[in-house]
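Contents: one structure, followed by commentary.
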Ligand code: URP
Ligand code: ZN
């Protein structure tokens, strides 16, 4: 971090805070000019500012980057999730998130470029924070559009090894060809890894035995489902040389595979989500267990411990939310068998305070590690660094002013989603984002949205890979 001193006219001055980035904590003042971080200095040097925020006792983080988000989720062309880009991105801002990466899914047989353009049309002008898109490939048609998509700022291409019933999966042969092509074009792949035939087999068995309660969702996707698919795609990545990013790792086995691959210097990275760290299978046995259905499912305490350990030692690089919001009604109000309940839970507004409370307050990780996992690592991997994810001079002034001592009980009433339930209801946390700033503009302040609801822009991501991460 560079410290400058001297007279300086700034638009916004944040003084007396503690700046936290991926490398350390520094007491200091931060000045913003034209939406960029312009000066960082100690003490009471000469300065003048249009607006001053006194951040005494507060921490200043680079804005959180959530690189796995589903707002306005579509399934086979139909919107099924409850939030919009507008409402979801506003809730995200309250949680200290200043950039999200959503998905443009290729409709099988159709052009992914068209899917990307449609998704941009849906989101542009409706987002409160900056955003980008991954493109999901669901067949091998239009592979030749990958270079154009890369020019449009997409560097990451998602694939599914499951969801055959939603026409999302690629077969093994398709995966290898897809990896080869993405590698050739210097993009990288992001994998939702579950063994499709195992999932179908267990589901069919459970349903025919009339085992339809939410807990059987977890039984239908046991650990082996994740382990087998991850092992297989790691082999394909090894042989093709593509960088593989493992989405939402949930198991000890999955995180061990990532550690093993990293120790062999493979081009590989991985993420997990707050719900896999904070919730376990028991959440399916509560009266409202059906609300907590997502895929992959919640696991056991030993998996939670393994994931936390692998975060601590930087095997797992990122914490993302896989935010996907559904109302009770959309989830069937507890009347549906597990295989008919829409999958996904909300998470984007609470991820920073929950992870801070779980991992930093307990001293399992340090503040710089928190920033690595939730801001700088996603910015680096997804081609946004140092414009995003850093407190460097010249970076976008995307900032979170965080009160590390503020105590908050989580409930749907204090959050800004479109739904009246939350998986973390009654969780008590210490530490809360107070102010969120996007490119120098205050978006949220002390529980009020004071910014532009449509001030977010699409971020063309840099075609900088092939670096490792
Ligand atoms: O259960 C999950 N992960 N839902 C997110 C949306 C989707 O369909 O993958
Ligand atoms: Zn997802």
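No lab work stands behind these numbers, since they all come straight from the coordinates. Everything quoted here is computed from the prediction, not taken from an experiment. Cβ atoms come from the backbone with ideal geometry, glycine included; neighbour counts cover every protein chain shown.
So the values come out like this:
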{"item": "Exposure proxy order (Cβ contacts within 10 Å, fewest to most) of 403, 66, 144", "result": "144, 403, 66"}
{"item": "Along principal axes, Cα extents of the range 199-268, largest first, whole Å", "result": "46, 20, 14"}
{"item": "Ascending count of other beta-carbon atoms within 10 Å, so fewest first, for 279, 391", "result": "279, 391"}
{"item": "Calculated [θ] (222 nm, deg cm²/dmol) that DSSP helices of n ≥ 4 give over the chain, each run adding -39,500 (n - 2.57)", "result": "-7500 deg cm²/dmol"}
{"item": "Over 17 Å [Cα-Cα, the range 379-469], rounded percent", "result": "64"}
{"item": "The range 254-293: C-alpha gyration tensor shape, a/c 1.5 cut-off, then a/b vs b/c", "result": "prolate"}
{"item": "Rounded Å value of the spacing that divides the Cα centres of the range 70-118 and the range 273-305", "result": "24"}
{"item": "Distance between modelled label sites at residue 340 and residue 51, nm, 7 Å Cα→Cβ extension", "result": "5.0"}
{"item": "Potential lengthening between residue 121 and residue 151 on full extension [0.36 nm per residue; Cα-Cα distance subtracted]", "result": "9.1 nm"}
{"item": "Estimated inter-spin distance, residue 209 and residue 80, nm [label 7 Å along Cα→Cβ]", "result": "2.6"}
{"item": "Spin-label zone in the range 342-357 - amide nitrogen under 18 Å from a point set 7 Å from the Cα of residue 406 along the C-beta vector", "result": "348-357"}
{"item": "The range 28-71 shape via C-alpha gyration tensor axes, a/c threshold 1.5", "result": "prolate"}
{"item": "0 to 90° range, to nearest 10: angle between helix 223-240 axis and the chain longest Cα axis", "result": "80"}
{"item": "Degrees, to the nearest 10: 196-208 long Cα axis against longest axis of the chain", "result": "70"}
{"item": "Which of 80, 32, 434 has the fewest Cβ neighbours within 10 Å, and the rest in rising order", "result": "80, 434, 32"}
{"item": "Gap separating the Cα centres of the range 356-423 and the range 139-156, nearest whole Å", "result": "30"}
{"item": "DSSP beta bridges in the range 63-381 [antiparallel fraction, %, rounded to 5]", "result": "5"}
{"item": "Helix axis angle, 252-263 relative to the chain longest principal axis, alpha carbon, degrees", "result": "70"}
{"item": "Evaluated over the chain, the Cα radius of gyration and Dmax, each in Å", "result": "21.5, 75"}
